[in-house]
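Notes follow once the structure below has been shown.
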Amino acid sequence: MRVLVTGAGGMLGQDVVALFRERGHEVTAATRADLDVLDPRALAELVPGHDTVINCAAYTAVDAAETDPEAAADLNAVAPGYIGAACAKAGTRLVQVSTDYVFAGDATEPYAEDAPVAPKSVYGRTKADGERTARRACPDTLVLRTAWLYGAGGPCFPKTILKLARERGAVSVVDDQIGQPTWTVDVARVIADLLDVGAPAGTYHATSSGSTSWYGFTREVVGSAGLDRDVVSATTSAAFVRPAPRPAWSVLGHDALEAVGVTPIGPWSARWRAASSTVLGP
């Protein structure tokens, strides 16, 4: 399979490129410097000859998006449409990476793949728009939603919170936002498996199984680094206000993966134990 990965320099993109190459696929790794995803002409030149495009390019600065909605919309909503159009013309499949932020975050059960989207932030709205523009331009699109990502190839919550815990000796973390910490290596595996089984166009969720709060995750992070878990204390979202609202509930269901024969990602705690040394380093 010939695969084009856009956003290949990002945390997820790096692991997607690495895994597909490990599986013997021919990969074109396009970083921001290599490809302007807002240039239809450049896309029209690069996409043909590839069997699949995996779009990992995105505006992910959630808080900054609140004051720069145009930049967020360009990368998250406009670009997927351009990429999709190039894919449709070339007969190429598209994997559009999306997010839990497309949901309101007010559920009490895992969000199904066909649950109504109701984003509360600029970031969430632009990503929901990107799902629609990608599908509209390219019917053969797999929308892959993920959440609470961490990985070795970029800044992420575990690295940041561990640094703070070591510097300050204590950290306070919200315990009223619930989600599924997810390793980018596992997301890459799900994408590859979906393509290997020829999954039909549609929406799929690639998050770890189970759930925890940021507080619970932080205790596992500091513990894996040899610190006392009790250096972590719990706080609330009301006490830690951010420019962009965070979903209180970011737990996604995995029925669509199972329906096509793809194994969902394992429990978040077990996957963190497997990932921690790679993500945090020595």
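Every number here is computed from the coordinates shown, using simple stated rules; none is lab data. Predicted model, so just to flag it, every value in this text is computed and none were measured.
Give me the compactness ratio for the stretch 117-220, meaning the Cα radius of gyration over 2.2 N^0.38 Å.
Working: Rg = 16.5 Å, N = 104, 2.2 N^0.38 = 12.8 Å.
Compactness ratio reported: 1.28.
Quick check: convex hull of the Cα atoms in the stretch 185-241, volume per residue, rounded to a whole Å³?
Details: hull volume 7.5 nm³, N = 57.
Hull volume normalised by residue count: 131 Å³.
What lysines does Lys120 reach when the alpha-carbon gap must be under 25 Å and sequence neighbours fewer than 8 apart in one chain are set aside?
Of all the lysines, none pass the test against Lys120 - Cα under 25 Å, at least 8 places apart if same chain.
Expressed in nm², what is the orientationally averaged projection area of the convex hull enclosing the Cα positions of the chain?
Values: hull surface 55.8 nm².
That works out to 14.0 nm², a quarter of the Cα hull's surface.
Determine which aspartates and glutamates satisfy two conditions relative to Lys89: a Cα distance under 16 Å, and not lying fewer than 8 residues away in the same chain.
Within the straight-line limit of under 16 Å, Lys89 reaches these aspartates and glutamates: Asp39, Glu45, Asp51, Asp140.
At q = 0.23 Å⁻¹, what log₁₀ I(q)/I(0) does the stretch 166-282 have when each alpha carbon counts as one equal point scatterer in the Debye sum?
-1.27
Per DSSP helix of 4 or more residues, -39500 (n - 2.57); summed, then divided by the residues of the chain. What does that give at 222 nm, rounded to the nearest 500? Numbers along the way, then the final one.
Working: 10 runs with 106 residues, N = 282.
Mean residue ellipticity at 222 nm (helix-derived): -11000 deg cm²/dmol.
Quick one: what does P(r) look like for the stretch 1-146 with 5 Å bins over all Cα pairs, in whole %?
Going from the shortest bin to the longest, the percentages are 2, 11, 20, 23, 20, 14, 8, 3, 1, 0.
To the nearest 10 degrees, how steep is helix 79-90 against the longest Cα principal axis of the chain, on a 0 to 90 scale?
Computed tilt is about 40 degrees.
Need one number for the stretch 39-115: average projected area of the convex hull over its C-alpha atoms, nm². The partial results should precede the final answer.
Numbers: hull surface 25.3 nm².
Mean projected area for the stretch 39-115: 6.3 nm², to one decimal.
Would you please calculate the Kirkwood hydrodynamic radius of the stretch 1-72 over all C-alpha pairs and express it in Å, rounded to one decimal?
Working: mean 1/r = 0.0771 Å⁻¹.
Mean inverse Cα-Cα distance, inverted, gives 13.0 Å.
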